[in-house]
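The values are calculated or read from the model by the stated rules, or taken from the named source; none is laboratory data. Everything numeric in this text was worked out from a predicted model, so none of it was measured. Here the Cβ positions follow ideal geometry from the backbone for every residue, glycine too, while neighbour counts run over all protein chains shown. To get the accessible areas, we keep the full protein, side chains included, count just its heavy atoms, and leave off ligands, DNA and RNA. Shrake-Rupley method; radii C 1.70, N 1.55, O 1.52, S 1.80 Å.
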Amino acid sequence: MERLRIEYNTGYMELNIEAFFPYKVPAMRKAAKLINRYCTDETRAGLLSELRRMADGYKALCDMYREMAEGFPADSPEWRHWRAQFNKTEILRRRMENNIRLISGGGKG
């Protein structure tokens, strides 16, 4: 699934999945309402599957960055570089988990 098409009474919206997700929670709540209201169960299941695949990719990157950082002395420039990469990717992973939770109906929407 490359694009998600949400069709509603007055029109439609297409989201490029790789570009839109992971999204910050306040705006994602609005998108989750539209997705949960207007998308079929099959479409939502496909989207959730794609988002879980992306979340797994972020987790794998986090693990790799953590291992890279552990190979250098603490506070060395290389350690700081890999730690920063880990922190950025961890933020994206957590956002993705929150996006998945909102779409699957486990959070405020």
Residue-normalised 222 nm signal for the chain, counting each DSSP H run of n ≥ 4 as -39,500 (n - 2.57), nearest 500 deg cm²/dmol, is -23500 deg cm²/dmol
In degrees, nearest 10, the alpha-carbon axis of helix 41-70 is tilted away from the dominant principal axis of the alpha carbons of the chain by 10
Per residue, accessible area of region 2-109 with a 1.4 Å probe, heavy atoms of protein chains only, in Å², comes to 64
Toy charge model, Lys and Arg Cβ at +1, Asp and Glu Cβ at -1: the chain dipole around Cα centroid in debye, rounded to 20, equals 600
Taking Cα pairs closer than 8 Å and at least 6 residues apart, the relative contact order of the chain in percent is 33
Expressed as a whole-number percentage, the relative contact order of region 45-108 with C-alpha contacts under 8 angstrom and at least six residues apart is 38
Checking rank on 80-92, 8-20, with mean other Cβ inside 10 Å and highest first, the result is 80-92, 8-20
Helix 77-103: inclination vs the chain longest Cα principal axis, degrees, rounded to 10, gives 20
Dimensionless Rg/Rh of the chain, both radii on Cα and Rh by Kirkwood, sits at 1.11
